[in-house]
Amino acid sequence: MKDSYLNDDFFSRLETLALNLRANLSGFFGGKHLVKTYGQTVEFSDYREYMLGDDIRRIDWNLFSRFEKYFLKLFTDERQMHVQIFLDCSASVGKVNPKKGAYAVGAAAALGFLAVHNMDKVSFKLMKGNRAEDPFGVLVGKNSFFRAISSLEDVAFEGDTDIAECVTTCPNVGSNDGLSVIISDFFTDSNWKKAVDYLTYKKRQVLLIQVISPEEQEPLYNGRVSLIDIESSDLADARNMKLRITRGLQLAYEEALRDMISDLKSFCNSREAGFLSVCTDKPIEKMLFGELLKVGIMA
């Protein structure tokens, strides 16, 4: 039976959440995110003195009658943001371990649902090889989202992915108008840091979600094994090797994994980007309700 997280119960449990995006993003008119600029909503925010050229229709005449000075009413501004979800479709994410791939798809779908549920726009960028495919375009509203999500479950995980190339060559990334999420296991030789730098240069809020399986977190292999890189089509590739797994080698792997996650986290912190490493044995809802609340993405 095909692994899948996408059903009515799953999405109904997400309806109490909202994406918490930075207030200094510009976005588009007509959304639900309060920003620091003043706008034309009905929610009062503050007063300021009238200046030449201001709209006289916004003068508060009650204050004028009391202080004989002109004051303008200022109202909050709400914007619609664009949430872009870059999903790594390499073989290491979902070819050997379909549950890991389904988890990555489920995390992408959950974030996409939260975007449209809160009147934001969402687009899914499927990273394959050195390019990011955009099969659905920009989705607005739940109807278009659910039409697209049924196809997202059928994504094929194969080959290798150059995360940096996929992100930096992706058209219509936008600037200062929303959240960019990269979902991957980050088991790659590509320069993923370049992708983060590019998105922060574009003034987008950035979130990296690393998805790993329990077997990758704590492998139980021992004795002599042949390790074959699933993303390599050449059996003579230097990444393929025969090893004798000892306790010392297991400890070295665990230390290397910790160093990798620490590097991801520290680099994201240096760029004011969010980072989360999650194991597929943790329910997606717990990841959203718990871990993403800690990094400030959920509200």
Checklist entry - Listed here are the pairs K95/K202; K100/K128; K193/K282; which of them are more than 24 Å apart at the Cα? => result K95/K202; K193/K282
Item to check | Cα centroid separation - region 179-214 against region 121-148, whole Å | outcome: 17
Checklist entry - In region 66-141, which trypsin sites (Lys or Arg not before Pro) are in a loop and have at most 16 other Cβ atoms within 10 Å, using DSSP for the loop call? => result K69
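Per the Kirkwood formula on distinct C-alpha pairs, the Rh of region 60-205 is how many angstrom?
Answer for region 60-205: a Kirkwood hydrodynamic radius of 16.8 Å.
Every number here is computed from the coordinates shown, using simple stated rules; none is lab data. The structure displayed is predicted, hence computed values, not measured ones. Because the Cβ atoms are built from the backbone with ideal geometry, glycine has one as well, and the counts that use them run over all protein chains shown.
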